[in-house]
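Reviewing the structure listed below.
Here, each number is a calculation from the coordinates, and none is a lab measurement. In this text the structure is predicted, and so the values were computed from the model without any measurement. Glycine gets a Cβ as well: all are built from the backbone with ideal geometry, and neighbour counts include every protein chain shown.
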Amino acid sequence: MSGRQEQTGPRPADPADHPRAVGACPDVPRKDEAAAPGPVASFIRYVVCGGGVTLLSSWALMLLDASMSLVVANALVTVLGTLLVNELHGRVSFKSERRGWRMHGESALTALGAYLVTTGAMLVLHHFSAHPTAVLEQGVYLAASGVAGTCRFLVLRLVVFGRRPRRGGRNTVVLAA
């Protein structure tokens, strides 16, 4: 017989396969995963990222308006600004590892929802008041933007960038003899 012993019976369980091992279960975060920021920190980052991209977009729109039609410039700035802010929200606001076109599509749908809310609010205002004052228009628009932005934040945080179990990951139990 050689110096090696042959194993009989089941192979001993690898410690990394144990359900209590760090990162073994999809529900248990690994040490190298950054914890998602809390709701207040996420909201502050959301406002700063969104506001920053809005200011950048308005500056870009003024520059592009000089060289192309306003409709084309606005469409270009809107698309690029939405892609940029979606990436920022994913990486900075929510510290998500989610990437790709599906994430951008879902995020863009929330932006479309916010657009529909603000547009609807303005249409309702003009339905009930043929000539509203500028202050009333701004008040209605800002209130609708605040409601829509808060709803968008909640959908992004809970649905689009919320923690999801890894594909194929299952909670398993290792029985050791």
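Electrostatic bookkeeping for residue 119 treats Lys and Arg as +1 and Asp and Glu as -1; over the other residues with beta carbon under 15 Å from its beta carbon, the sum is 0.
Take the Cβ-Cβ distance between residue 44 and residue 104 as r, set R0 to 25 Å, and report the resulting FRET efficiency rounded to the nearest 0.05. Before the final figure, lay out each step's value.
On the way: r = 23 Å, r/R0 = 0.92.
Step by step, r from the Cβ atoms, then E = 0.60.
Net charge in the neighbourhood of residue 41 (other residues with Cβ under 13 Å of its Cβ; Lys, Arg +1, Asp, Glu -1) is +3. Of the trypsin sites (Lys or Arg not before Pro) found in the stretch 64-136, those that fall in a DSSP loop while having at most 12 other beta-carbon atoms within 10 Å are 99. For chymotrypsin sites (Phe, Trp or Tyr not before Pro), no site in the stretch 37-71 is both called loop by DSSP and has at most 14 other Cβ atoms within 10 Å.
For the stretch 45-58, putting each phi into the Karplus relation 6.51 cos²θ - 1.76 cosθ + 1.60 with θ = phi - 60° gives couplings of 5, 4, 5, 5, 5, x, x, x, 5, 5, 5, 4, 5, 5 Hz, in residue order, rounded to whole numbers and with x for Gly and Pro.
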